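J.: Pasting a structure below so you can have a look.
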Amino acid sequence: MSFLEHLEELRKRLLLAIGGIGVAFVLSLLFSDQLWYIVRQPAATALIHLGINPPVLHQLSPMDVFQIIWMKLPILAAVFLSSPWILYQVWAFIAPGLYKRERRWAAPFVISSAGLFLLGGCFAYFIAFRYGLEFLLGLGITQGITPTISVTEYYDLFVDVMLGVGIIFEIPVLLFLLTLIHVASPSFLIRHSRYAILVIVFLAAVITPTGDVFNLALFATPMIILFYIGIFASYILVLHREKRRFPWRTFFKWLGIALVVLGLIAWATARYYGYHVVGHWPLFVR
């Protein structure tokens with residue numbers, strides 16, 4: 001393909017991706033009230049845990065509710081809903097430059113990319129954002145400060161965390177894709193892992209809603225784990241290229257042993273310090 005043909009193909013894929021987002025936007029618009037109920041739940045839960053009842057958000061401008069509930073929120077939902085279609089268009093643009101045997105990775109690429117993006121959104125919604133929000137709102141309670149949250153600032157923070165974490169969860173797919181097009185290799189990634197971890201911590205500091213070390217670790221740890229999962233996936237790809245087999249039986253045996261040991265350590269630690277599981281955040285309490 002010539003340069004102009006590449007641009008035409010890019011234009012085609014962008015239009016198809018935008019069209020998919022448009023269809024998802026219309027569908028999301030029909031359920032805007034239900035979507036807003038889901039979005040406000042972390043704030044309501046945090047305020048109730050802090051003893052503030054009723055847990056309400058405040059409208060500071062006449063246009064706030066219209067812009068957020070009827071415009072911005074459906075767009076955000078449309079991006080998440082149409083993510084498999086968008087990622088398929090990305091793959092369709094890249095695929096012509098790959099070998100025929102490498103194009104068979106299309107379905108795993110789309111499924112894993114969309115799955116990791118949605119998984120990142122779930123991690124942000126159910127864990128990172130909820131804890132970070134409750135931590136932030138509770139900082140001034142003991143100093144006699146009652147938190148008042150505007151609907152606009154709350155939604156902006158919600159979007160930053162959800163999209164930021166969702167994109168960060170694409171690290172394994174990015175590393176796999178770089179290995180697939182021969183830009184990186186597992187050995188290269190391992191040798192430069194210290195620099196990658198430094199960049200990950202920096203990115204976590206940017207998207208973390210608070211400035212404390214605990215929340216930084218809450219965001220950075222999954223990202224570092226995902227980085228090494230990406231290296232593992234790249235290694236599997238290299239073995240496949242070289243027609244070598246990975247010792248799956250040995251791998252799963254040691255993985256099972258490690259999980260059992262970690263589970264026993266967690267159980268013994270929880271029992272020694274008197275922790276137990278509850279049905280709300282932070283899940284483990286004394």
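The values are calculated or read from the model by the stated rules, or taken from the named source; none is laboratory data. Here the structure is a predicted model, which is why all the values come from computation and not from measurement. Neighbour counts are summed over all protein chains in view; Cβ atoms, including those assigned to glycine, are modelled from backbone coordinates with ideal geometry.
J.: List every residue pair whose Cβ atoms lie under 9 Å apart, where the two residues are 6 or more positions apart in sequence or sit on different chains, the first residue falls within region 55-76 and is under 11 Å from T152 (Cα atoms), and the second residue, located anywhere, is among the basic types (K, R).
T.: Here the result reads L57/R40, each pair linking region 55-76 to a residue that is among the basic types (K, R).
J.: Within region 1-52, which residues are of a type in the set (K, R) and either touching a Pro at 6+ places or on another chain (Cβ under 7 Å) or within 18 Å of P84 (Cα to Cα) (or both)?
T.: Correct list: K12, R13.
J.: Among the residues of region 225-257, what is the count of those that are within 27 Å of Y195 (Cβ to Cβ) and charged (D, E, K, R)?
T.: The qualifying residues number 2.
Residue by residue, here is whether (1) closer than 26 Å to V65 by Cβ; (2) in contact (Cβ under 8 Å) with a residue 12 or more places away in the chain; (3) in a helix (DSSP H, G or I); (4) among the charged types (D, E, K, R) holds:
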| residue | (1), (2), (3), (4) |
| --- | --- |
| E153 | yes, no, yes, yes |
| V173 | no, yes, yes, no |
| S187 | no, no, yes, no |
| G230 | no, yes, yes, no |
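J.: Just to check your reading of the model, which residue among F135, F202 is assigned to a helix (DSSP H, G or I), at pLDDT below 85, loosely packed, with under 15 Cβ neighbours inside 10 Å and aromatic (F, W, Y)?
T.: Matching residue, one of F135, F202: F202.
J.: Can you work out which of the residues in region 139-181 that are crowded, with 21+ Cβ neighbours inside 10 Å and of a type in the set (F, W, Y) is nearest to S82 (Cα to Cα)?
T.: Here the answer is F169.
J.: Checking the condition aliphatic (A, V, I, L, M) and modelled with pLDDT under 80, which residue from V238, V213 passes?
T.: Among V238, V213, only V213 is aliphatic (A, V, I, L, M) and modelled with pLDDT under 80.
J.: Okay, next question. Select from region 231-246 the residues that are more than 26 Å from the chain's Cα centre (by Cα) and either small (G, A, S) or surrounded by 11 or more Cβ atoms within 10 Å (Cβ to Cβ) (or both) and list them in ascending order.
T.: Result: V238, L239, H240, R241, F246.
J.: OK, next. With the requirement that a residue be surrounded by 13 or more Cβ atoms within 10 Å (Cβ to Cβ) and either closer than 11 Å to L216 by Cβ or of a type in the set (A, V, I, L, M, F, W, C) (or both), what does region 184-198 give you?
T.: Selection gives A184, F188, L189, I190, A196, I197.
J.: Which of the following residues is among the β-branched types (V, I, T) and free of Cβ contacts under 8 Å to residues at least 60 places away in the same chain: V26, V79?
T.: Residue meeting the stated conditions: V26.
J.: Identify the residue in region 138-151 that is at pLDDT below 85 and assigned to a helix (DSSP H, G or I) and, among all such residues, is nearest to D64 (Cα to Cα).
T.: Among residues in region 138-151 that are at pLDDT below 85 and assigned to a helix (DSSP H, G or I), the one nearest to D64 (Cα to Cα) is G138.
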